[in-house]
DNA sequence: GTAAACCGTACCGCAGCAGTCCTGTATTGG
DNA sequence: CCAATACAGGACTGCTGCGGTACGGTTTAC
């Protein structure tokens, strides 16, 4: 588990396509067609990405979407935040403390921050440009976990 | 988001208590009482943790649970796996490929492994013992709210 | 003014989780 | 041997949240 929403999954696919031609203005119907994801769904996530500052939108005829910045400057973290809200494994740490009925005797509260921080960094260290990278797909030799000192 | 189940959250609380006296045999009702989590729920997660190899169980009168290993040798990763199954952000990567209708033109498949690997490592790097440590993580002091030292 | 495209919101069905309960099995002690 | 205790396993239910859709509004180009 620890899975992210399917919407976010789709978003990465769509964003990857856009990252290939970073300055091109693309419409939602167009992206839907290219990605095989239903149009209403694509439209929905594009809107959320715009609100999250990942995309820039242009309205009216000949409108569409572009990336807000170069693909290298867009991290997986902000994509996920735009679509799913703040990243944190537990409810305790991000303001919803009232809901935690064991809060008062919970001895681990602050310690989750270590885990959250690690994951935060991991996601921040991977950019959209990284996701567009080589044709290493389809099983064959994705360079094994030891990545060239890009993240932390 | 990217949140884990509440069960897992409870589990860490319970395990933390057990880690204070690693060799002590504790019963589910006892742990329920100490943690303020309903007994059936505690029993459920204890069973799952046992199946996952995190705990060892002893049946019969005077039975109960103990940690399967020292707290230093139990990682957050295996706790999460025991309760939520394999950790991976996307459905694409762990066998459920049939469900992904855009699989054939999905250009990012393999690249998720980089992200998954990073998170994997992050969770593996934090042990149960780390979670029991005093509330002085990151210099932030979490006041211990005076719990009535019941189980230790 | 019209058409193309984004914007916002509301709505619904369904999967998955939280939580409970029940029956079975092992172990201890009288 | 019997009874009590505690774990094992599975079935069941209510509910939240997500995926997906639809609709009406607004902006802009021609």
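No value in this document is a laboratory result; all are computed from the given coordinates. Everything numeric here is computed off the predicted structure, so don't read it as measured data. Quick reminder, even Gly has a Cβ in these numbers, built from the backbone with ideal geometry, and neighbours come from all protein chains shown.
Give me Rg/Rg_expected for region A:6-132, where Rg uses Cα atoms only and Rg_expected = 2.2 N^0.38 Å with N residues.
So the Cα radius of gyration is 1.26 times the expected 2.2 N^0.38 Å.
Whole Å is fine, so just give me how far the alpha carbon centre of region B:1-53 lies from that of region A:1-47.
Cα centres, region B:1-53 to region A:1-47: 40 Å.
Copy-to-copy spacing for residue B:40, label 7 Å out on the Cα-to-C-beta vector, in nm, shortest first?
Its label point is 3.7 nm from the equivalent points in the other copies.
Modelled label-to-label distance, residue A:56 and residue A:72, 7 Å Cα→beta-carbon offset: nm?
In this crude spin-label approximation the distance works out to 1.8 nm.
Residues of region B:56-86 with the amide nitrogen closer than 20 Å to a label point 7 Å from the Cα of residue B:5, along Cα-to-Cβ, please.
Residues B:56-57, B:68, B:75-86 fall inside that zone.
Looking only at other chains, what is the average number of their beta-carbon atoms within 10 angstrom of each beta-carbon in A:28-39?
Other-chain Cβ atoms within 10 Å of each residue's Cβ, averaged: 1.
Give me the inter-chain shielding for B:122-131: mean count of other chain Cβ atoms within 10 Å, whole number please.
4
Let me know the mean shielding of B:75-87 by other chains, meaning the per-residue number of their Cβ atoms within 10 Å of its Cβ.
Across the residues of B:75-87, the mean count of other-chain Cβ atoms within 10 Å is 2.
Compute the projected area of the convex hull of the Cα atoms of region B:6-57, averaged over all viewing directions, and report it in nm² to one decimal place.
Value for region B:6-57: 3.1 nm².
Highest first, please rank the peptides A:62-71, A:120-129, B:10-19 by the mean number of other Cβ atoms sitting within 10 Å of their residues.
B:10-19, A:120-129, A:62-71
How far is residue A:56 from the same spot in each other copy, in nm, shortest first, if each label point sits 7 Å from Cα toward Cβ?
Sorted ascending, the copy-to-copy spacings read 6.3 nm.
Label position 7 Å from Cα toward Cβ: report the copy-to-copy distances for residue B:124 in nm, one decimal, ordered from shortest.
Its label point is 2.3 nm from the equivalent points in the other copies.
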